[in-house]
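Presented below is the structure to which this report refers.
The values are calculated or read from the model by the stated rules, or taken from the named source; none is laboratory data. Everything numeric in this text was worked out from a predicted model, so none of it was measured. Ideal geometry is used to build each Cβ from the backbone, glycine not excepted, and the neighbour counts take in all protein chains shown. Only protein heavy atoms, including side chains, enter the accessible area calculation; ligands, DNA and RNA are left aside. Shrake-Rupley method; radii C 1.70, N 1.55, O 1.52, S 1.80 Å.
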Amino acid sequence: MVAADSRPTAYMKDGKPVGILVDLVTEAFRRSGQSVKIQLMPWARCLAEVRDGNVDGIFSVFKLPEREAFLAYTDIPVITQVEVFFVHADSRIRFNGNLAALANHRVGVIRDTSYGPGIDTLIKNGTWAKVTHTSSVDSLVAMLAAKRIDISPSYRYVFLDAAKQAGSMGKIKELTPAVESIPSYLAFNKKRDYAQTIAEFNKALASMKADKSFDAIYAKYMQ
C-alpha cells in the first residue's frame, strides 16, 4: 500500500511509517489475517503507482469518477477529512462560503490532490487562475508563511501539524467556516481481483469501530 507522506496521518518515525492511517490500516489487515507493507511518497506518485498496478492499493483517497475507473474502494472511510482554508496570520481575507469570491487570490495546492468538487471545478475551469501547485503540505506551509501565496485549502489536522513542525503556527490562521467534510477510503487497483481482500478489510474495520479501537488510534495522535 502507498500513502502520502503527511503528519499526523502517515509519516516516518525512527525509520518506519507511523500515523493515524498507518496504524488503522495495519491493524485492520492484521485482523483480517494479512500483513501489509506501507510506502510513503508524494501524492501524485501514489496515484501513478496504484494506477499502473505497481502497488496493490492506496490510502486515503476520495471517491471521484475519474479514480473509480482504476480503483476498487473499501466500504468504510478510514478518515473524514475536514477541509478548511488557511491564510497568513495578518491576512484580511475572509470566507463566507462562496468559493468563487476567492478567485483573485494566489492559491496554493498539492499537485494531483482533490479538494472536493467545488474547488476542483474552479481550478479546472480557470475561475481560480492564480494557482501554484506543489508536492507537499510542508511546501504549502512555507509558501504561506513567506506570503508567496495568499490562501491554501487543506485538511485541518495535516496542515496544522505541518505548521507546528515548521515553527510557523504564529504565521498562519484558519478561516471559518470549514469548506466541507469529505470521507476518504482505502482502495485497491483494478488490475487484479481484490474482492475477498476488500471484504475482509471491511469486516476488520467495522470490528475496530465496534470495539472503539478505531477511536483510540485517533485519540493517540490527537493529544
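The residue that is nearest to Thr74 (Cα to Cα), counting only those in region 173-194 that are outside any strand (DSSP E or B) and open to solvent by less than 60 Å² (accessible area, probe 1.4 Å), is Tyr194. The set of residues in region 1-23 being assigned to a loop (DSSP other than H, G, I, E, B) and touching a residue at least 24 places away in the same chain (Cβ under 8 Å) consists of Met1, Asp5, Arg7, Pro8, Thr9, Gly19.
Does Val84 satisfy the condition of being under 13 Å from the mean Cα position of the chain (by Cα) and modelled with pLDDT of 95 or more? Here the answer is yes, as Val84 does meet what is asked. Being open to solvent by 40 Å² or more (accessible area, probe 1.4 Å) and within 26 Å of Asp120 (Cβ to Cβ) is true of Leu160.
Here Phe62 fulfils each of the conditions (1) in contact with a strand residue (DSSP E or B) (Cβ under 9 Å, 6 or more places away or on another chain); (2) open to solvent by 60 Å² or more (accessible area, probe 1.4 Å) apart from (2). Inspect region 119-131 for any residue being open to solvent by less than 20 Å² (accessible area, probe 1.4 Å), more than 19 Å from Arg67 (Cβ to Cβ) and among the polar types (S, T, N, Q) and give the result as yes or no. For region 119-131, residues open to solvent by less than 20 Å² (accessible area, probe 1.4 Å), more than 19 Å from Arg67 (Cβ to Cβ) and among the polar types (S, T, N, Q): absent. The set of residues in region 195-219 that are modelled with pLDDT under 95 and surrounded by 12 or more Cβ atoms within 10 Å (Cβ to Cβ) contains only Tyr218. Filtering region 24-53 to residues that are under 20 Å from Asp75 (Cβ atoms), in a helix (DSSP H, G or I) and of a type outside the set (Gly, Ala, Ser) leaves Leu24, Val25, Thr26, Glu27, Phe29, Arg30, Arg31, Val50. Within region 29-45, residues that are in contact (Cβ under 8 Å) with a residue 24 or more places away in the chain have Cβ atoms under 7 Å from residues that are open to solvent by 70 Å² or more (accessible area, probe 1.4 Å) and among the hydroxyl-bearing types (Ser, Thr, Tyr) in these pairs: Phe29/Ser35, counting only partners at least 6 apart in sequence or on another chain. Annotation: of all residues in region 132-141 being in contact with a strand residue (DSSP E or B) (Cβ under 7 Å, 6 or more places away or on another chain), outside any loop (DSSP other than H, G, I, E, B) and hydroxyl-bearing (Ser, Thr, Tyr), the one that is least open to solvent (accessible area, probe 1.4 Å) is Thr134. A single entry from Asp112, Asp138 fulfils the requirement of being among the acidic types (Asp, Glu) and on the phi < 0 side of the Ramachandran plot: Asp138.
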